[in-house]
Amino acid sequence: MSIHIAGMGSCIPSVRMTNDDLAKRVDTTDEWIRSHTGIGTRHYAADGLRTSDLAADAAAKAMAVAGVAPEDIDLIVLASATPDYFGFPSTACIVQSKIGAKNAAAFDITAGCTGFIYGLDVAASMLASDGRSTALVIGAETLSRIVDWEDRATCVLFGDGAAAAVLKKSPTEDGRGVLHSWLRAKGEGYEALYLKQPARETAFGRDGDYSRPAKIEMDGKSVYMFAVKAITDVMDNLLSKSGMDINDFKWIVPHQANLRIVQAAAKRFGLPEDRFYMNIEEFANTSAASVPIALSEMAEKGLLAKGDLVMTMGFGAGLTYGGTIIKW
């Protein structure tokens with residue numbers, strides 16, 4: 001038995017914002033953003049669109065590529081830091097309704113920028129049991145709705161978008177599919193990156209200003225230091241777990257958080273930077289959507305051939321980190 005990625009699809013919002021565009025709204029410059037992060041542009045969802053809208057569009061495209069109908073979907077796992085509703089209902093349930101996947105179980109995963117990586121592992125594990133054969137794993141974000149536009153150090157980092165993967169179970173073992181995963185968390189670092197909002201600590205009181213929207217709060221230095229170590233830990237442990245050599249991999253697809261982090265990892269492993277697929281210059285950090293957007297773009301460009309070994313990895317709020325090995 002193997003769990004294949006049968007199709008990918010993405011939804012890139014129509015509003016494109018360059019660094020110069022942002023500099024008209026925030027005290028920053030194109031040179032500062034590029035030199036510190038490698039970001040040149042980002043995309044924002046148009047007014048009126050929600051995370052579920054982007055997710056449903058990406059899911060429909062992935063199903064079309066995979067040749068599966070909505071009623072064929074047994075499971076929807078959706079990773080997001082920006083669900084339509086904080087708490088409930090899950091955005092996965094809203095997507096289930098929008099795409100007509102009436103036979104699917106549906107739930108959300110909250111694992112920050114590692115969400116899609118966690119989702120792949122969860123979906124593949126659930127497909128391995130009897131009674132399920134097809135799953136949708138989606139990463140979708142509308143981070144433009146929660147950035148703090150008064151914090152010039154963080155508001156320039158994030159973009160919106162969504163991408164989805166259709167996973168299908170094959171009764172035969174052909175060596176392809178999701179082969180290995182390695183997931184971890186560093187919960188003691190949770191305050192380094194969180195969504196600031198009123199506390200909920202009493203039954204009858206409502207402390208804090210509920211009229212103010214929730215917004216991203218980040219200790220940039222701490223998150224950067226965590227990410228630099230996380231990306232090398234993920235690579236080391238995936239190689240150890242699988243017994244593979246780093247040179248066996250056609251592509252390494254990291255979470256698109258900061259170009260400097262990836263450059264440090266490439267140097268650490270003695271790899272050329274072009275072995276790492278990067279699209280942060282165009283899309284910025286789209287959190288749980290960044291890895292699937294990259295995979296979808298690679299598939300559309302014909303960069304992924306049957307049998308290619310691909311390593312994916314994520315690291316973000318929680319703090320969470322992890323990766324997967326996929327044979328395409």
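Against the definition (surrounded by 21 or more Cβ atoms within 10 Å (Cβ to Cβ), more than 11 Å from ALA288 (Cβ to Cβ), in contact with a strand residue (DSSP E or B) (Cβ under 8 Å, 6 or more places away or on another chain) and at pLDDT 95 or above), how does ILE117 come out, yes or no?
no
Test GLY139 against the criterion of being modelled with pLDDT of 95 or more, of a type outside the set (Asp, Glu) and at positive phi, and give yes or no.
no
When you go through VAL178, VAL156 one by one, which is the residue that is assigned to a strand (DSSP E or B), of a type outside the set (Gly, Ala, Ser), crowded, with 19+ Cβ neighbours inside 10 Å and over 15 Å from the mean Cα position of the chain (by Cα)?
Step by step, each of VAL178, VAL156 is checked, and only VAL178 is assigned to a strand (DSSP E or B), of a type outside the set (Gly, Ala, Ser), crowded, with 19+ Cβ neighbours inside 10 Å and over 15 Å from the mean Cα position of the chain (by Cα).
What do you reckon, is ALA284 under 29 Å from VAL15 (Cβ atoms) and touching a Cys at 6+ places or on another chain (Cβ under 9 Å)?
no
In region 142-161, is there at least one residue being touching a residue at least 12 places away in the same chain (Cβ under 8 Å) and closer than 17 Å to GLY7 by Cα?
Taking every residue of region 142-161 in turn, none turns out to be touching a residue at least 12 places away in the same chain (Cβ under 8 Å) and closer than 17 Å to GLY7 by Cα.
The conditions are (1) in contact with a helix residue (DSSP H, G or I) (Cβ under 9 Å, 6 or more places away or on another chain); (2) exposed (fewer than 15 other Cβ atoms within 10 Å of the Cβ), and GLY38 fails exactly one of them. Which is it?
Exception for GLY38: condition (2).
Pairs under 7 Å by beta carbon, first residue within 16 Å of ALA162 (Cα to Cα) in region 25-50, partner aromatic (Phe, Trp, Tyr) and not in a loop (DSSP other than H, G, I, E, B), six or more apart or different chains?
ARG42/PHE158; ARG42/PHE283; HIS43/PHE283
So ASP72 clears everything in (1) in contact with a Phe, Trp or Tyr (Cβ under 9 Å, 6 or more places away or on another chain); (2) closer than 30 Å to ALA128 by Cβ; (3) surrounded by fewer than 24 Cβ atoms within 10 Å (Cβ to Cβ) except one condition, right? Which one?
Of the numbered conditions (1) in contact with a Phe, Trp or Tyr (Cβ under 9 Å, 6 or more places away or on another chain); (2) closer than 30 Å to ALA128 by Cβ; (3) surrounded by fewer than 24 Cβ atoms within 10 Å (Cβ to Cβ), the odd one out for ASP72 is (1).
Taking interchain pairs and intrachain pairs at least six residues apart, which have beta carbon atoms under 8 angstrom, with the first residue in region 299-323 and closer than 15 Å to HIS4 by Cβ and the second exposed (fewer than 15 other Cβ atoms within 10 Å of the Cβ)?
LEU309/ASP248
Can you name every residue in region 216-236 that is in contact with a strand residue (DSSP E or B) (Cβ under 6 Å, 6 or more places away or on another chain) and surrounded by fewer than 17 Cβ atoms within 10 Å (Cβ to Cβ)?
GLU217 - this is the single residue of region 216-236 that is in contact with a strand residue (DSSP E or B) (Cβ under 6 Å, 6 or more places away or on another chain) and surrounded by fewer than 17 Cβ atoms within 10 Å (Cβ to Cβ).
How about region 80-95: which of its residues are aliphatic (A, V, I, L, M), surrounded by fewer than 24 Cβ atoms within 10 Å (Cβ to Cβ) and within 17 Å of the chain's Cα centre (by Cα)?
Correct list: empty.
Read through the list (1) touching a strand residue (DSSP E or B) at 6+ places or on another chain (Cβ under 9 Å); (2) at negative phi; (3) not assigned by TED's automatic domain parsing to the domain that holds ALA289, then give the number of the only condition that GLY161 fails.
So the condition that GLY161 fails would be (2).
Only one of GLY189, GLY159, GLY205, GLY175 is closer than 30 Å to PHE269 by Cα and at pLDDT below 95. Can you tell me which?
GLY175
When you check PHE158 against the structure, is it hydrophobic (A, V, I, L, M, F, W, C) and closer than 30 Å to THR324 by Cβ, yes or no?
Spelling it out, PHE158 is indeed hydrophobic (A, V, I, L, M, F, W, C) and closer than 30 Å to THR324 by Cβ.
The values are calculated or read from the model by the stated rules, or taken from the named source; none is laboratory data. From a predicted model like this one, the values you see are computed outputs, not experimental measurements. Every residue, glycine as well, gets a Cβ built from its backbone with ideal geometry; the counts of neighbours run over all protein chains shown.
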